[in-house]
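Below you'll find the structure, written out as structure tokens, and then a few comments.
The values are calculated or read from the model by the stated rules, or taken from the named source; none is laboratory data. Remember, predicted model here, so these are calculated numbers, not experimental data. Cβ: placed from backbone, ideal geometry, glycine included. Neighbour counts: every protein chain shown.
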């Protein structure tokens, strides 16, 4: 069996649409502090490198990557 990168394992090898990559912040995320997001029916640790502002709970974000079990997100435009 071929080993898939973490992102492909997480998505069962499928390419996800923008809508399927949408998550909601549950615990605030800032540049120097990770938080948590709700995505695909569960919560995940998450961080954001693309903003200087705090992503407050309830903020809609886009999942752009994964490192181990931590999602990388960015603010939804």
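For the reader, a short list of remarks on this structure follows.
Residue by residue, here is whether (1) modelled with pLDDT under 85; (2) under 13 Å from the mean Cα position of the chain (by Cα) holds:
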site: 17; (1), (2): yes, no
site: 26; (1), (2): no, yes
site: 29; (1), (2): no, yes
site: 45; (1), (2): no, yes
site: 54; (1), (2): no, no
site: 58; (1), (2): no, no
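- Residue list for the stretch 20-77, restricted to those being touching a residue at least 60 places away in the same chain (Cβ under 8 Å) and surrounded by 16 or more Cβ atoms within 10 Å (Cβ to Cβ): 66
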